[in-house]
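Participant: Next up is a structure, given as structure tokens.
No lab work stands behind these numbers, since they all come straight from the coordinates. Small disclaimer: the values here were computed from a predicted structure and weren't measured. Ideal geometry is used to build each Cβ from the backbone, glycine not excepted, and the neighbour counts take in all protein chains shown.
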Amino acid sequence: MKIEIKEKIVIFGLGDFARIVCAYLSRSEKYQVVAFSVHNEFISESSLMGFPIVPFEEINKLHPPTEYKMFVAIGFKNLNKARQNIYEQCKSKGYELISYISPDAIVFDHNCVGDNCFVFENNVVQPFVKIGNDSILWSGNHIGHDAIVGDHVFISSHVVISGHVKIGDRSFIGVNSTIKDGITIGNDCLIGAGSLILKDAADNSVFKGLSAELSPVPSSRLRGI
């Protein structure tokens with residue numbers, strides 16, 4: 001019986017996303033988390049979730065790229081620029097950055113996904129899609145055929161990206177947003193939760209989703225429900 005050797009992974013980050021990534025990778029048959037890492041000035045504890053926290057300044061010495069791989073687990077801070085910055089620093093240090101695709105996601109072609117991507121459960125990624133490097137697809141999204149998702153993009157949950165849509169680099173797509181087929185979203189765009197996008201969006205566009213109106217009648221006075 002052949003024993004598979006797991007790839008040793010250092011996770012960059014200490015926030016919620018980093019903890020979630022650790023939980024998923026720890027269940028994986030392919031990866032073995034060995035440590036977390038951030039810059040020394042942000043380290044206040046010696047460990048997280050039972051794994052050591054090592055200074056990024058010393059990462060090459062403690063966990064060299066010849067033996068270890070990394071995943072940059074930073075969210076959409078500064079419209080994804082923070083994650084892009086660390087992604088580029090890790091690449092410059094010689095690290096291979098892994099991508100994780102949940103076994104509960106339906107991805108027609110796993111080769112369509114770039115490096116340092118995280119595809120959560122219940123995503124549907126149809127044929128002829130291209131997902132760039134360092135992009136995050138949270139749970140339950142639909143990525144339609146021939147869509148192109150750029151680099152350093154963050155797609156929240158239950159987003160519908162229709163066929164032939166193009167999403168520019170570093171854009172953020174909020175929960176429950178819908179983008180009509182054939183639409184182009186420029187770089188550095190912010191699509192608020194619940195938005196319906198029917199026209200192309202230029203670089204740096206911001207769309208605010210509709211919020212529900214608070215009724216002046218309290219729930220205690222409602223009848224028939």
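Participant: Please list, in order, the residues from the stretch 12-36 whose amide nitrogen is less than 12 Å from a point placed 7 Å along the Cα→Cβ vector of HIS110.
Facilitator: So the set is 29-31.
Participant: Turning to a different aspect of this structure: Using 23 Å as the Cα-Cα cut-off, could you pick out the over-long pairs in LYS61/LYS91; LYS91/LYS180; LYS130/LYS180; LYS180/LYS208; LYS166/LYS199; LYS6/LYS69? Please list the in-between numbers first.
Facilitator: On the way: LYS61/LYS91 16 Å; LYS91/LYS180 35 Å; LYS130/LYS180 17 Å; LYS180/LYS208 16 Å; LYS166/LYS199 12 Å; LYS6/LYS69 11 Å.
Beyond 23 Å between Cα atoms: LYS91/LYS180.
Participant: Dipole of the stretch 99-208, Cα-centred, from +1 at each Lys and Arg C-beta and -1 at each Asp and Glu C-beta, to the nearest 20 debye?
Facilitator: Roughly 340 debye for the stretch 99-208.
Participant: Cβ under 14 Å from ARG19's Cβ, ARG19 left aside: what net charge do those residues give with Lys, Arg +1 and Asp, Glu -1?
Facilitator: -1
Participant: While we're looking at this one, here's another question. Just flag the trypsin sites (Lys or Arg not before Pro) in the stretch 93-184 sitting in loop per DSSP whose Cβ has no more than 13 other Cβ atoms within 10 Å.
Facilitator: LYS93
Participant: Just to confirm a number: summing +1 for Lys and Arg and -1 for Asp and Glu over residues other than LYS30 whose beta-carbon lies under 12 angstrom from that of LYS30, what do you get? Don't jump to the answer; show the numbers that get you there.
Facilitator: Details: positive: LYS6, LYS8, ARG27, LYS69; negative: GLU4, GLU7, GLU29.
Local charge sum for LYS30: +1.
Participant: Using DSSP, restrict attention to beta bridges with both residues in the chain and report what percent are antiparallel, rounded to the nearest 5.
Facilitator: Numbers: 2 of 46 bridges.
Percentage antiparallel, nearest 5: 5.
Participant: Specify whether the C-alpha gyration tensor of the stretch 20-68 places it in the rounded, prolate or oblate class, a ≥ b ≥ c being the square roots of the eigenvalues: rounded for a/c under 1.5, otherwise prolate if a/b is larger than b/c and oblate if not.
Facilitator: Oblate is the answer for the stretch 20-68, as a/c is 1.5 or above yet b/c matches or exceeds a/b.
Participant: Same structure again: Under 1.5 on a/c is rounded, so check that first for the stretch 7-92, then, if it is not, pick prolate when a/b is larger than b/c and oblate when it is not; a ≥ b ≥ c are the square roots of the alpha carbon gyration tensor eigenvalues. Numbers along the way, then the final one.
Facilitator: On the way: a/c = 1.26, a/b = 1.14, b/c = 1.10.
Rounded shape, in that the Cα axes give a/c under 1.5.
Participant: Can you grab the distance from the C-alpha centre of the stretch 60-88 to the C-alpha centre of the stretch 112-141, Å, no decimals?
Facilitator: Comparing the Cα centres of the stretch 60-88 and the stretch 112-141, I get a distance of 18 Å.
Participant: In addition: Do the sum for the chain: with -39,500 (n - 2.57) for every DSSP H run of n ≥ 4, divided by all residues, what is the mean residue ellipticity at 222 nm, to the nearest 500 deg cm²/dmol?
Facilitator: -3500 deg cm²/dmol
Participant: Which value in Å is the Kirkwood Rh of the chain over different Cα pairs?
Facilitator: Across the chain, the inverse of the average 1/r is 18.7 Å.
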